[in-house]
Amino acid sequence: MAIDLNADVGESFGPWPLGEDEALIPLVSSVSIACGFHAGDPLTIERTVALAARAGCAIGAHPGYPDLGGFGRRDLAMSPSEIEAAVVYQIGAVAAFARSAGTDLRHVKAHGALYNTAGRDAATAEAIMRAVRRISSELVVFALPGSSMIDAAAAAGVAVAIEAFADRTYEADGSLRSRRYDDSVLDDPAVVGAQAVELASGRGVLAIDGTRLDIRPDTLCVHGDRPGAAERARAVRDALASAGVAVAAPWA
């Protein structure tokens, strides 16, 4: 068995550092780099691309709403054409830095509120897919199982990787538990590692109410913006190795 392990990285901004990218990136097989709208800036993107290229990670863009003050976790009233243009702009920025580093962009993963909105709103999902196609038809898009992005991707001829989260809790309907709740994020490395193994082994995951969700992911996410991110990623790698699951990005 094999699965991709991804992390959202490059989320520092100017003089304000965020995350543990130097320690985290070598532990994962793909990275989704903030594009400057919810976090990040040109120099941070360039440095993060260089870190990922040296580590042999598949590089992806992590576009979000233009919401630096809210870290991209607030819904914004943007039209589909505005979303499409904003996503083209953001993907293009990371793609240019990847090209200048001698590598290629491999995937796109929407961030925060944009990811969640696209999961339930067909117009938003379709706008993201149009943006992806304008950059490259070879890009893979990460999406939750049951997401509107899956149908939109199929219609646009875009490949999808089903994503699950090693460090988040789930509602019974398969959605991620809102970050408004204290139990929405898992911090204990052992718990995160155990959930990763359950997901990678095809056993799904327990929702917050005890319902077992049948999620069969292509990629697992460990968030990079919280303290202890590298420790949790190491716990996931160790747990997967012990379960006989290799870590690799098949689209690299």
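Quick grid of which residues meet (1) farther than 28 Å from residue 216 by Cβ; (2) under 15 Å from the mean Cα position of the chain (by Cα); (3) touching a residue at least 24 places away in the same chain (Cβ under 8 Å):
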position: 72; (1), (2), (3): no, yes, yes
position: 85; (1), (2), (3): yes, no, yes
position: 98; (1), (2), (3): yes, no, yes
position: 107; (1), (2), (3): no, yes, yes
position: 119; (1), (2), (3): no, yes, yes
position: 151; (1), (2), (3): no, no, yes
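So if I check each of 71, 97, 142, which one is in contact with a helix residue (DSSP H, G or I) (Cβ under 6 Å, 6 or more places away or on another chain) and aromatic (Phe, Trp, Tyr)? Reasoning before the result, please.
On the way: 71 fails: in contact with a helix residue (DSSP H, G or I) (Cβ under 6 Å, 6 or more places away or on another chain); 142 fails: in contact with a helix residue (DSSP H, G or I) (Cβ under 6 Å, 6 or more places away or on another chain).
Answer to the check: 97.
Taken over the stretch 217-252, residues that are modelled with pLDDT of 95 or more, among the charged types (D, E, K, R) and in a loop (DSSP other than H, G, I, E, B) amount to 1.
Among the residues of the stretch 30-44, those that are surrounded by fewer than 24 Cβ atoms within 10 Å (Cβ to Cβ) and under 17 Å from the mean Cα position of the chain (by Cα) comprise 36, 37.
Within the stretch 205-216, the only residue that satisfies the criterion of being assigned to a loop (DSSP other than H, G, I, E, B), more than 19 Å from residue 6 (Cβ to Cβ) and in contact with a strand residue (DSSP E or B) (Cβ under 6 Å, 6 or more places away or on another chain) is 207. Among the residues of the stretch 197-231, those that are hydrophobic (A, V, I, L, M, F, W, C), in contact with a helix residue (DSSP H, G or I) (Cβ under 6 Å, 6 or more places away or on another chain) and free of Cβ contacts under 8 Å to residues at least 60 places away in the same chain comprise 197, 205. Checked against (1) under 22 Å from residue 58 (Cα atoms); (2) buried (at least 17 other Cβ atoms within 10 Å of the Cβ), residue 252 passes all but condition (2).
Does residue 143 meet the test of being crowded, with 17+ Cβ neighbours inside 10 Å and hydrophobic (A, V, I, L, M, F, W, C)? Spell out the reasoning first.
Details: crowded, with 17+ Cβ neighbours inside 10 Å: yes; hydrophobic (A, V, I, L, M, F, W, C): yes.
Yes: the conditions hold for residue 143.
Of all residues in the stretch 171-226 being of a type in the set (Ser, Thr, Tyr) and surrounded by 15 or more Cβ atoms within 10 Å (Cβ to Cβ), which is nearest to residue 120 (Cα to Cα)? Among those that are of a type in the set (Ser, Thr, Tyr) and surrounded by 15 or more Cβ atoms within 10 Å (Cβ to Cβ), it is 175.
The values are calculated or read from the model by the stated rules, or taken from the named source; none is laboratory data. Only a predicted model underlies this, so the values are computations on that prediction, with no experimental measurement involved. For neighbour counting, all protein chains shown are included, and Cβ atoms are generated from backbone atoms with ideal geometry for every residue, glycine included.
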